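Accompanying notes for the structure given below.
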Amino acid sequence: MGVLTAIALVLAPIPATAQPVTVGQEAASAQQAATAQQATATQQGTPAGAHAPALRWFKGNTHTHTLNSDGDSTPDDVVRWYREHRYHFLVLSDHNYLTAVEGLNAALGADDRFVLIPGEEVSGQFEKAPVHLNALNLRTTVPPQGGSSVADVLSRNVAAIRAAGALSQVNHPNFGWAITAADLLRAPGLQLLEIFNGHPAVNNLGGGGVPGTEAIWDTLLSAGVPVRGVATDDAHQFQAPWNLTASRPGQGWVMVRAPELTAEAVIDALARGDVYASTGVELEDVTASASEVTVRVKVAGTTKYRVLFIGQGGRVLAEVTDTPAVYSIRGDEGYVRAKVIDSNGKIAWTQPIVVRAGGQSGS
Ligand SMILES: [Zn+2]
Ligand SMILES: [Zn+2]
């Protein structure tokens, strides 16, 4: 069995607040840890992390519409829905429109309770294929970028969003069956990918021989693309909660782990991958060491759970029915991510942990 040098490197400096190590994160994290230790040593000789604020989970939705595009409610009403349903943060992402959030934050934001993050759904297309990406924590509108193929449109939009200083999120790849894994593999710089979108017409599960969004994610991860999986509402309709064919709020969200509730801290946690996606399952904790991955589910009433640990190629490595669910790393998984399915059909998805064997493959 190989030696897991990459993971050991990352986790060694931060045992007390072990965070999930995610695909592509190792080098940056190791570097950050080293830098932090250096800075601490040269400043006061305080043990690293002694004054680090405790990390907390914050619930949020990164995809929502208002009357500023094709939503049915004012920004104020939309924000109130999420505030009243105990979300901590919200991104208003109207089509090709940047809704100002300063006034809304002044009226409805609250330190440590709720924050609005400015955003836009950069909504372009290639021929008839809709290519939509969200720009999170955006300051100026990004117009949709054209291109010579779906992959080219994706690449140009990701680049434009990142150049504007925002975090990019590829939305509903199976909407209009527009975006394939092959397209995404040809688009550099991907950051977030919707693996669940709450709109009723986005074909999350795939069908007719076309892979679902989670399978698309596994294809990217298996190719070494460090993309984070997120769940969102893409809510348009707040006025008809009884209408199950409407795109309603409260369907899918993310839980990010951050030291404070600010737009910057939330975006940083999403970018680092300290986040899980959910349609209703809540987790206490996700931790990883060089030898195992542990998922602690917050058990709701009499609900029962299955925790699937998934690796390279989307292969199920193990199924665990106890919580905490512990997976022992062998070294040949490529990556390990967890999917928690409850007995009522709700799901949580954790981010992948890279497993790189230090020895020869197959040893
Ligand atoms: Zn869209
Ligand atoms: Zn949308």
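The values are calculated or read from the model by the stated rules, or taken from the named source; none is laboratory data. For clarity, every value in this text was computed on a predicted model and none was experimentally measured. Glycine also receives a Cβ, built like all others from the backbone with ideal geometry; neighbour counts cover every protein chain displayed. Accessible surface is based on the protein model in full, side chains and every heavy atom, while ligands, DNA and RNA are left aside. Shrake-Rupley method; radii C 1.70, N 1.55, O 1.52, S 1.80 Å.
Expressed in nm to one decimal, what extension gain is obtained for the pair ALA223 and ALA107 from 0.36 nm per residue of sequence separation less their Cα-Cα distance?
Here the answer is 37.3 nm.
Among 254-267, 67-80, how do they line up by average Cβ neighbours within 10 Å per residue, starting with the highest?
Top to bottom by mean Cβ count within 10 Å: 254-267, 67-80.
Report the paramagnetic label zone for SER343: residues of the stretch 303-322 whose backbone N is under 12 Å from a point 7 Å from Cα along the Cα-to-Cβ axis.
Backbone N within reach: 303-306.
Please give the length that would be gained between SER291 and ARG86 if that part of the chain were fully extended, namely 0.36 nm times their separation in residues minus their C-alpha to C-alpha distance (nm, one decimal).
That works out to 70.2 nm of additional length.
From Cα coordinates alone, what are the radius of gyration and Dmax values for the stretch 96-161 in angstrom?
Just the Cα atoms of the stretch 96-161 yield Rg and Dmax of 14.6, 45 Å.
What shape does the stretch 216-278 take by its C-alpha gyration tensor, where a ≥ b ≥ c are the square roots of the eigenvalues and a/c under 1.5 counts as rounded, a/b above b/c as prolate, and the rest as oblate?
Judged from the Cα gyration tensor, the stretch 216-278 comes out oblate (a/c at least 1.5, b/c at or above a/b).
Three principal axis extents, largest first, for the C-alpha atoms of the stretch 315-360, in Å?
If we take the Cα atoms of the stretch 315-360, the spans are 43, 18, 17 Å.
Between the stretch 190-210 and the stretch 302-328, what's the alpha-carbon centroid distance in Å?
Value for the Cα centre distance between the two parts: 22 Å.
Hey, what's the Cα Rg ratio for the stretch 87-237 versus the globular rule of thumb, 2.2 N^0.38 Å?
Normalised Cα radius of gyration, the stretch 87-237: 1.03.
Residues of the stretch 291-363: accessible area per residue at 1.4 Å, in Å²?
Normalised by residue count, the accessible surface of the stretch 291-363 is 48 Å².
Please report Rg over Rh for the stretch 145-217, where both radii come from the alpha carbon positions and Rh follows the Kirkwood definition.
Answer for the stretch 145-217: 0.97.
Given labels modelled 7 Å from the Cα in the Cβ direction, how far is it in nm from ARG162 to ARG315?
In this crude spin-label approximation the distance works out to 3.0 nm.
Could you tell me what percent of the accessible area of the stretch 179-325 is made up of carbon and sulfur, with a 1.4 Å probe and every protein chain present?
Looking at the stretch 179-325 in its full context, I get 53 percent from C and S.
Packing-wise, with mean Cβ within 10 Å as the measure, how do 348-355, 289-296 rank, highest first?
Most protected by this proxy first, the peptides run 348-355, 289-296.
To the nearest 0.05, what FRET efficiency results for SER328 and TRP242 with a Förster distance of 56 Å applied to their C-beta separation?
Here the calculated transfer efficiency is 0.75.
Where does each of 113-126, 301-314 land if you order them by average Cβ count within 10 Å, highest first?
113-126, 301-314
Quick one: Cα convex hull volume of the stretch 176-328, Å³ per residue?
Output value, Cα hull per residue: 162 Å³.
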